[in-house]
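To start, the structure under review is shown below, and the notes come after it.
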């Protein structure tokens, strides 16, 4: 009787296992400057995933003018949870529920273009200068290519 009940429970639980999502791959380390196609067309979004936080982002023009980021956010070691709450009910008791902690800083800076028309005509001559980390913790300066504006 116990064996038949166990097989019945197994038969009921197996179809629900398809609801479990695989653990997502952690985002790749790196830096990028882009325009958010779904958002503001005059704001450059600078993103960095690194073990050091983004400390500054500056848009530098061909004549040397500098436009600093008006917003800079850093999220330290974000956590990605395992399967969705509904699927947890279908997990076998004792099964470890995964939680992934990204051992990195996820940073985002926003830079508003001072003159979108001028930038659109000469964006190839602009650059984005960023600083990762602090003086005593492996500070690094990088130069990113300025992103292409919409329509170019």
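The values are calculated or read from the model by the stated rules, or taken from the named source; none is laboratory data. Just so you know, these numbers come straight off a predicted model, no measurement behind them. In this analysis, Cβ positions are derived from the backbone assuming ideal geometry, glycine residues included, and neighbour counts consider all displayed protein chains.
Across segment 66-81, what is the number of residues that are assigned to a loop (DSSP other than H, G, I, E, B), exposed (fewer than 12 other Cβ atoms within 10 Å of the Cβ) and at pLDDT 90 or above?
Within segment 66-81, the subset assigned to a loop (DSSP other than H, G, I, E, B) is 69-70, 77-78.
So of that shortlist, the ones also exposed (fewer than 12 other Cβ atoms within 10 Å of the Cβ) come out as 70, 77.
Next, from what is left, pick out any that are at pLDDT 90 or above: 70.
The number of residues fulfilling the criteria is 1.
Would it be correct to say that residue 30 is exposed (fewer than 11 other Cβ atoms within 10 Å of the Cβ) and at pLDDT 75 or above?
On the way: exposed (fewer than 11 other Cβ atoms within 10 Å of the Cβ): yes; at pLDDT 75 or above: yes.
The answer is yes for residue 30.
Across segment 134-147, what is the number of residues that are over 21 Å from the mean Cα position of the chain (by Cα) and modelled with pLDDT of 95 or more?
Total satisfying the criteria: 0.
Considering only residues that are within 21 Å of the chain's Cα centre (by Cα) and outside any strand (DSSP E or B), which ones fall in segment 102-133?
102, 103, 104, 133
Run down 40, 20, 7, 54 and say which single residue is over 25 Å from residue 144 (Cα atoms) and either surrounded by 13 or more Cβ atoms within 10 Å (Cβ to Cβ) or at pLDDT 50 or above (or both). Steps first, please.
Working: 40 fails: over 25 Å from residue 144 (Cα atoms); 7 fails: either surrounded by 13 or more Cβ atoms within 10 Å (Cβ to Cβ) or at pLDDT 50 or above (or both); 54 fails: over 25 Å from residue 144 (Cα atoms).
Answer to the selection: 20.
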